[in-house]
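Structure record follows, encoded as structure tokens.
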């Protein structure tokens, strides 16, 4: 082993001088296993090579470990995870490991930080560096102690024989010196069964400083002579920068100038505020770019674009040879988002008083947008009103009796499209598609003698001429598209589902765990009487919750109440009873309170996701809608929104009330059966 001492180099930054001062002013370089025996006379800079152990690790004279990571923490807890990885692989206490991130003078280049890839890629490099260092330290310790390498074990940074005896620490083996080792991809990794740090609930290292305000964020860095910049963004994707001037920017105190490279333009300032003001003052001219696809045909456009890369996620066997077999077949599938906020094929009813080729083409044009699925015709206006109120139809298209006559005379007749806008997210894109209808629906019909009625070409992409007819969109029940009108009534059902099921779900289970079930068994009460006694107090609690939510909804959020309170509260009682019976059924099945809690959330999460509370119900695939239809929250949300926003009465809520009653009867039957088994 060759050793050379030298004075550490001075760094330009005071913070780096302090860093080196806290470790050691005297740096000693040595080699393990005969590597690097020709030591340099002058101190080289710290290596940042990604194939060297010293690029990632350093152990000082006290046995403390410093890890150098090119990956930075974006708030995902990477710093804590990297600390765990290094501490685990080196078998040192977590408190003795410090991670330095993103300092290009000290850390290797590990590529771009991609959240989870920081562990998958960067963490594995650090793990391999630590494994290489540990293997070399074991070899050095074996030589020092005069024992076989495989007879040694490491604990808390100290190497000792498994049978006991003299030990040697990392500080004694390498403290304050370089490893001068290449990363060995074959260095043995620690067996996961021996892990004591990785996989444990370690408190995040960055949280205390963030809570107390001591954490240094990127915009908190201040360096002497630092220049601030702001990038000037184009008007649209792929737009090119045609002209610019910074005349007004030159009047701003602290403004330095601008940098242009092709279509990249940035302004510079001596302070951040100067750069911000300059970014608003600079004048630019960008080209127009109209390359984005039509939103209504987005999926079709995606399927037609050129594929940049084919990637095989998993390949088993020889597919080419398999296809030669007699029974071989190709299975293909196309995937969209399972749940999205742009639902298609919304149920639409038509009220057509003018049966002409114009009416047929308008209906066909609506169907071709994929937003409208016609389910039939309304008999009259009252029937159309009923279909909207009950939710049977999301849209009603009305074509008046004199539509075609007025169209031919050039009077621009009106076409009425009524939308159930209780959920503005579900109807927003469909309404946008309707507004384009007058421009395109009758293109084929308005030719020959009627060509003068066709709308002229648009003067600009943003301006369009009036069509041959007028489209009037009437957003019913929520014309201003106020999202709180949809969300706040929905919260009523979510709160009741969570509290009612959870509270009663723990009732019988708690009795069983505390041993008080025997007292109930000794009474002459029947199973139904015991279950009734358990749910009555919670019914009162549920009614109090409903009253509080309704009061806040009207006073704080100004949600209208157009229906009857008696209809609403009787519906609430039915919904509360269904959830309470489900909770008691869970408590009868579960063996302990933890199981009851887990079963409650197993029901609660699908109820939130698949009921139409978080996402438009008709924006989900068919299989998810089938599951959602079996959940009482789905039907209760329709009842509450219908009573509050539409003024629905008994006749309108019956189609949604009977599924809740059926659900309640089913869980009562299951609950009584399991409750009797519990009593037996």
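Quick notes on this one:
Yes/no matrix, rows are residues, columns are (1) at pLDDT below 90; (2) closer than 29 Å to residue 342 by Cα:
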{"position": "568", "(1), (2)": "no, no"}
{"position": "574", "(1), (2)": "no, no"}
{"position": "577", "(1), (2)": "no, no"}
{"position": "582", "(1), (2)": "no, no"}
{"position": "588", "(1), (2)": "yes, no"}
{"position": "593", "(1), (2)": "yes, no"}
{"position": "604", "(1), (2)": "no, yes"}
{"position": "633", "(1), (2)": "no, yes"}
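- Selected residue [over 21 Å from residue 206 (Cα atoms) and more than 26 Å from the chain's Cα centre (by Cα)] from 102, 139, 111: 139
- Flag if residue 213 is more than 20 Å from residue 97 (Cα to Cα), free of Cβ contacts under 8 Å to residues at least 40 places away in the same chain and under 29 Å from the mean Cα position of the chain (by Cα): yes
Conditions (1) assigned by TED's automatic domain parsing to the domain that holds residue 101; (2) farther than 30 Å from residue 126 by Cβ; (3) surrounded by 11 or more Cβ atoms within 10 Å (Cβ to Cβ); (4) touching a strand residue (DSSP E or B) at 6+ places or on another chain (Cβ under 6 Å), marked per residue:
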| site | (1), (2), (3), (4) |
| --- | --- |
| 180 | yes, no, yes, no |
| 190 | yes, no, yes, no |
| 235 | no, yes, yes, yes |
| 240 | no, yes, yes, no |
| 263 | no, yes, yes, yes |
| 281 | no, yes, yes, no |
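- Flag for residue 142 being surrounded by fewer than 14 Cβ atoms within 10 Å (Cβ to Cβ), within 30 Å of residue 162 (Cα to Cα) and without any contact (Cβ under 8 Å) to a residue 12 or more places away in the chain: no
- Among helices (runs of 4 or more DSSP H) entirely within the range 313-431, having at least 1 residues that are outside the structural domain of residue 615 (by TED's automatic domain parsing), modelled with pLDDT of 90 or more and surrounded by fewer than 18 Cβ atoms within 10 Å (Cβ to Cβ) singles out 381-390.
- From 573, 556, residue being under 30 Å from residue 647 (Cα atoms) and under 33 Å from the mean Cα position of the chain (by Cα): 556
- Near pairs, Cβ below 7 angstrom, 6+ apart or cross-chain, from the range 538-556 (in the same structural domain as residue 503 (by TED's automatic domain parsing)) to any residue that is modelled with pLDDT of 90 or more and not in a helix (DSSP H, G or I): 553/559; 554/561
- Residue check for residue 164: at pLDDT below 95 and over 23 Å from residue 185 (Cα atoms): yes
- Considering the range 620-633, the residues that are surrounded by fewer than 23 Cβ atoms within 10 Å (Cβ to Cβ), in contact (Cβ under 8 Å) with a residue 24 or more places away in the chain and in a helix (DSSP H, G or I) include one that is farthest from the chain's Cα centre (by Cα), namely 629.
- Filtering the range 485-499 for residues that are touching a strand residue (DSSP E or B) at 6+ places or on another chain (Cβ under 8 Å) and modelled with pLDDT of 75 or more leaves an empty set.
- The listed residue being on the phi < 0 side of the Ramachandran plot, surrounded by 12 or more Cβ atoms within 10 Å (Cβ to Cβ) and modelled with pLDDT under 50, out of 29, 76: 29
- Just one of the listed residues (156, 162) is in contact with a helix residue (DSSP H, G or I) (Cβ under 9 Å, 6 or more places away or on another chain) and at positive phi, and it is 156.
- If you go through the range 84-104 and pick out every residue that is more than 18 Å from residue 62 (Cα to Cα) and outside any strand (DSSP E or B), you end up with 7.
- One residue stands out in the range 242-256 among those that are surrounded by 11 or more Cβ atoms within 10 Å (Cβ to Cβ) and farther than 15 Å from residue 274 by Cβ: the one that is nearest to the chain's Cα centre (by Cα), namely 244.
- Some residue of the range 162-177 being surrounded by 18 or more Cβ atoms within 10 Å (Cβ to Cβ), within 20 Å of residue 80 (Cα to Cα) and touching a strand residue (DSSP E or B) at 6+ places or on another chain (Cβ under 8 Å): no
- Qualifying residue in the range 199-210 (condition: under 30 Å from residue 279 (Cα atoms) and surrounded by 10 or more Cβ atoms within 10 Å (Cβ to Cβ)): no
- Subset of the range 207-233 [modelled with pLDDT under 90 and assigned to a loop (DSSP other than H, G, I, E, B)]: 213, 214, 215, 216, 217, 221, 222, 223, 224, 225
- Residue in the range 115-130 that is outside any helix (DSSP H, G or I), in the same structural domain as residue 152 (by TED's automatic domain parsing) and more than 26 Å from residue 170 (Cα to Cα) present: yes
- Test: residue in the range 257-276 that is within 30 Å of residue 344 (Cα to Cα) and either within 37 Å of the chain's Cα centre (by Cα) or at pLDDT below 75 (or both): no
The values are calculated or read from the model by the stated rules, or taken from the named source; none is laboratory data. Computed from a prediction, not measured in an experiment: that's the story for all the values here. Here Cβ is always computed from backbone atoms with ideal geometry, including for glycine, and neighbour counts include all displayed protein chains.
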